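J.: Before I ask anything, let me first share the structure, which is written out below as structure tokens.
The values are calculated or read from the model by the stated rules, or taken from the named source; none is laboratory data. For clarity, every value in this text was computed on a predicted model and none was experimentally measured. Neighbour counts run over all protein chains shown; Cβ positions are idealised from the backbone, glycine included.
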Amino acid sequence: MSSLVKDRVLKRILMLGTGGTIACKSSEDGLKPLLTSEELLRYVPDTKEFCKVDSLQVINIDSTNMQPRYWLMIAETIEKHYEDYDGFVVCHGTDTMAYTAAALSYLVQNSRKPIVVTGAQKPIDLEITDARTNLSDSLRFASSDKAYGVTIVFDGKVIAGTRGKKEKTKSYNAFSSINFPYIAAILDGHIIFYLDDKEQMKEPVRFYHSLNSKVGLLKLIPAMDSGVLDYMAEHCDAVILESFGVGGIPTYDSGDFHKSIEDLVRTGKTVVMTTQVTNEGSNMSVYEVGKSIKKEFDLLEAYDMTLEAVVTKLMWILGQTSDPEEIREMFYKTINRDMLFTCAVHD
Ligand code: ASP
């Protein structure tokens, strides 16, 4: 192939470095993200055959330290360079990668260009590592004409940005797609699309620029004191209650959850019910312990959404409005495949 023809078919990709294990080096204090995005690229020279990559270092942190203001920085960097590239790859730590992919799904909506979030369980400079495959697969996926929107690419799987969850702390197959099929698989440099629906994406890309981080999560345990909710009422604009099974609110003596929820709702706080069970989602209308309280306080329900998507969707929504009707409408609107179970919304 002549260099002229080759240059014409090469996709232009912008890679954003944010740190994580993929960029780590060993230090006396443990693994520390030190490699720059430029240095990461040197480990995947073969990708030059299908894409031309520029890189930018947004931050270089362990993703334990990820914050909403960094999500805004990543989204703003993509927005600034959106017209200049065919796709984007964000290198990220695995620990909060699912949150970042979900946050980017809300901050950058209807993108016909792929925005891939990836990372690794082992640093890229080790002899045995998943990092080189994950980075190379991500650049390949970001270079595909059929790819679009925010996704996670990890261990040969492509996951919708709102559906990822880190389910393993050590194995290479750390991420699963929750309550939604995988979008594609990548094997030996070949992409097999299971969902090939880019043509249905008709709306123009839209970037958002604010998040409200005052979202709290309470995971219920048996005999929990409802006083914790009163503390959260003071500090949060939205509270997610992670209940048991398909969903319910306890009614025993150690604290009055009914009263605490009433106070939350009366003071204009958003309350969302979800489940601590990873798969299949909530349905508060099944049991007496859930049905009446949901109805009485008009509580929102996460249904089949992941917790990561619920948290970041609320941060996004509350960054745009504080009107309860608008919050409800935005919460139940499906964005980047985040919620399928909307038929149950009117229960
Ligand atoms: N602690 C690391 C991080 O999330 C873990 C990893 O990247 O795998 O930044």
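J.: Do we have A103 as closer than 26 Å to A309 by Cβ, within 21 Å of the chain's Cα centre (by Cα) and in a helix (DSSP H, G or I) here?
T.: So A103 passes the test.
J.: Filter region 59-90 down to residues that are away from the ligand (no atom under 15 Å from the Cβ), in contact with a Leu (Cβ under 7 Å, 6 or more places away or on another chain) and of a type outside the set (V, I, T), then give me how many there are.
T.: 6
J.: Please enumerate the residues belonging to region 8-26 that are among the hydrophobic types (A, V, I, L, M, F, W, C), within 15 Å of the ligand (Cβ to nearest atom) and assigned to a strand (DSSP E or B).
T.: Those that are among the hydrophobic types (A, V, I, L, M, F, W, C), within 15 Å of the ligand (Cβ to nearest atom) and assigned to a strand (DSSP E or B): L16, C24.
J.: Does region 248-266 contain any residue that is closer than 30 Å to L72 by Cβ, out of contact with any helix residue (DSSP H, G or I) (no Cβ under 7 Å at 6 or more places or on another chain) and not charged (D, E, K, R)?
T.: No, that holds for no residue.
J.: If you don't mind, another one. For residues that are under 18 Å from S138 (Cβ atoms), free of Cβ contacts under 8 Å to residues at least 24 places away in the same chain and under 17 Å from the mean Cα position of the chain (by Cα), tally how many sit in region 177-197.
T.: Residues in region 177-197 being under 18 Å from S138 (Cβ atoms), free of Cβ contacts under 8 Å to residues at least 24 places away in the same chain and under 17 Å from the mean Cα position of the chain (by Cα): 1 in total.
J.: Given (1) within 15 Å of the ligand (Cβ to nearest atom); (2) assigned to a helix (DSSP H, G or I), where does G93 come up short, assuming only one miss?
T.: (2)
J.: Keeping to region 200-241, report how many residues are charged (D, E, K, R), at pLDDT 95 or above and outside any loop (DSSP other than H, G, I, E, B).
T.: 2
J.: Being of a type in the set (G, A, S) and within 16 Å of the ligand (Cβ to nearest atom) is the filter; apply it to region 154-186 and report the residue that is surrounded by the fewest Cβ atoms within 10 Å (Cβ to Cβ).
T.: Here the answer is S171.
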